[in-house]
1. Going through Ser7, Ser28 one at a time, which residue ends up being out of contact with any strand residue (DSSP E or B) (no Cβ under 9 Å at 6 or more places or on another chain), part of a helix (DSSP H, G or I) and exposed (fewer than 10 other Cβ atoms within 10 Å of the Cβ)?
2. Please go through segment 10-23 and give me each residue that is surrounded by 10 or more Cβ atoms within 10 Å (Cβ to Cβ) and either in a helix (DSSP H, G or I) or of a type in the set (Val, Ile, Thr) (or both), ordered by number.
3. Which residue pairs have Cβ atoms under 6 Å apart, sit 6 or more places apart or on different chains, and have a first residue in segment 19-46 that is within 30 Å of Val8 (Cα to Cα) and in contact (Cβ under 8 Å) with a residue 24 or more places away in the chain and a second that is of a type in the set (S, T, N, Q) and surrounded by 10 or more Cβ atoms within 10 Å (Cβ to Cβ)?
Amino acid sequence: MANLISSVSTYQGELAALTGALLWAMASTIYARAGQTAVPLVLNLLKG
């Protein structure tokens, strides 16, 4: 178990970057689909 934690902490920055890219892509897809039905003002208010 200690080996797994050590190997994850070695690639901590890379994992954070990949996670951020994945979340960005998911949010883009969600807002693109929502934009087909929702009014732009509502989308902007939801984004914050």
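Quick note: the coordinates plus some simple rules give every number you see, no bench work behind them. Only a predicted model underlies this, so the values are computations on that prediction, with no experimental measurement involved. So basically every Cβ, Gly included, is an ideal-geometry build from the backbone, and we count neighbours across all protein chains shown.
1. Just a single option satisfies the conditions, and that option is Ser7.
2. Thr10, Leu15, Ala16, Ala17, Leu18, Thr19, Gly20, Ala21, Leu22, Leu23
3. Taking only residues 6 or more apart or on different chains, not a single pair turns up.
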